[in-house]
1. Glu90 is checked against (1) farther than 30 Å from Asp190 by Cα; (2) in a loop (DSSP other than H, G, I, E, B); (3) not aliphatic (A, V, I, L, M) and fails just one. What number does that condition carry?
2. Considering only residues that are touching a Pro at 6+ places or on another chain (Cβ under 8 Å) and either outside any loop (DSSP other than H, G, I, E, B) or modelled with pLDDT of 90 or more (or both), which ones fall in segment 129-169?
3. Name every residue in segment 165-210 that is in contact (Cβ under 8 Å) with a residue 60 or more places away in the chain, surrounded by fewer than 12 Cβ atoms within 10 Å (Cβ to Cβ) and either hydrophobic (A, V, I, L, M, F, W, C) or within 21 Å of Val123 (Cα to Cα) (or both), in order of residue number.
4. Filtering segment 21-51 down to residues that are at pLDDT 85 or above and either among the hydroxyl-bearing types (Ser, Thr, Tyr) or touching a helix residue (DSSP H, G or I) at 6+ places or on another chain (Cβ under 8 Å) (or both), which residue is nearest to Val199 (Cα to Cα)?
5. Restricting attention to segment 98-111, which residues are over 16 Å from Pro133 (Cβ atoms) and in contact with a helix residue (DSSP H, G or I) (Cβ under 9 Å, 6 or more places away or on another chain)?
6. Does Leu69 meet the test of being crowded, with 20+ Cβ neighbours inside 10 Å, part of a helix (DSSP H, G or I) and touching a residue at least 12 places away in the same chain (Cβ under 8 Å)?
7. I need the full set of residues from segment 88-112 which are surrounded by 19 or more Cβ atoms within 10 Å (Cβ to Cβ) and touching a Ser or Thr at 6+ places or on another chain (Cβ under 9 Å), in order please.
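The values are calculated or read from the model by the stated rules, or taken from the named source; none is laboratory data. Since the model is a prediction, treat every value here as computed from it, not as a measurement. Note that each Cβ is placed from the backbone with ideal geometry, even for glycine, and that neighbours are counted across all protein chains shown.
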Amino acid sequence: MSVSPISKRDGESGFTLIETLVALALTGLVLSALANITSQWLPNWNRGMDRIQRSESVALALQRISADLAAAEYVPPGREQRQPLFEGSELAVTFVRTSLGPNSRPGLDVVRIGETSDRRDFVTVRTRAPFAPLPQGTSLSEQIQLGDPVVLLRAPFRLSFSYAGRDRVWKSSWRDADRLPAAIMLTVRDAATERVLSVSTVTSIHAEAPAGGNCAQPGPGCDGKTGGADQNSKDGSKGNASPANAAVGQGGTQ
C-alpha cells in the first residue's frame, strides 16, 4: 500500500504568508525607530566631540605660547642699546628666547607670535629667526627675516595679548621699555560670538631685567661680572687691607 505525498507533509511546521508579512512589518518599524533616534543623537555626539577637540587644541596652543613667553630673555637688540628686544601689541608679540627645536643650534632666536590672514580666515602663527645684534638705527623688520611658521590657532578662535609690569596695571602694548613685562595675559575669543573662553590664562616672564653689570651685550670690554659684585669686592678688599696696614704700621713703630 503506497502513501500519498500529502500525508508526508502533514507533520511539517512553517510560517504562513501572513506571519511573514507581519514579521517584516515589525522589523521595519524597529529599524525606522532606531534610525530616527540615531539621526537625532549622532549630530549632538559629533558636536560634542568637536568641542572637546577644539578645547584640547586651544589648551595645547596656549600651553606652547605660555612656555615661549615665560622663556623670554632680556637681550638688547644691539651692543649700544640697553632696552630689551621686546615688541608687544594687542595681536602680536616679538621677543628673544633660547633656541628650541630638535634641529636648532645653541643660541638665541627671535620669536614672533601673532595673528595673520590665511585666505579668508585669521590664524595665530609662530615664526622664528636666529638672533643677531642689530646695527644702530636699523629696525627689526629690516634685518631679520622670520620663517619656520607654525599654526597655533585657527578660526573661529582669535588670540589677544595684554601686558603688565610689577604694578599689575594691564596695557594693550609694551614697547621701548627698560624692562620686560612681568606678566602677559592670553585672551582667547570666539570670533563668531565674541565670547571669552575659559581657557584664557596669564603667564609670568622669568627674566624681567638684566642680571646686572655695565655691559648691555657681551663683548671684548665685558668680563661678565656685575658692577655691584665688583664694587663689593673692592670695598671688601679695602676693608680687609685697612686692619693689616694698621697692624704693619703698629709693628713698625714698635
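1. Here Glu90 clears every test but (1).
2. Leu140, Gln143, Tyr163, Ala164, Gly165
3. Result: Ala209, single match.
4. Among residues in segment 21-51 that are at pLDDT 85 or above and either among the hydroxyl-bearing types (Ser, Thr, Tyr) or touching a helix residue (DSSP H, G or I) at 6+ places or on another chain (Cβ under 8 Å) (or both), the one nearest to Val199 (Cα to Cα) is Ser32.
5. Selection gives Leu100, Val111.
6. yes
7. If the condition is that a residue be surrounded by 19 or more Cβ atoms within 10 Å (Cβ to Cβ) and touching a Ser or Thr at 6+ places or on another chain (Cβ under 9 Å), then Gly88, Asp109, Val110, Val111, Arg112 are the ones that fit.
Yes or no, residue by residue, for (1) without any contact (Cβ under 8 Å) to a residue 24 or more places away in the chain; (2) part of a helix (DSSP H, G or I):
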site: Leu26; (1), (2): yes, yes
site: Ala35; (1), (2): yes, yes
site: Trp41; (1), (2): yes, yes
site: Trp45; (1), (2): yes, yes
site: Met49; (1), (2): yes, yes
site: Ile65; (1), (2): no, yes
site: Arg79; (1), (2): no, no
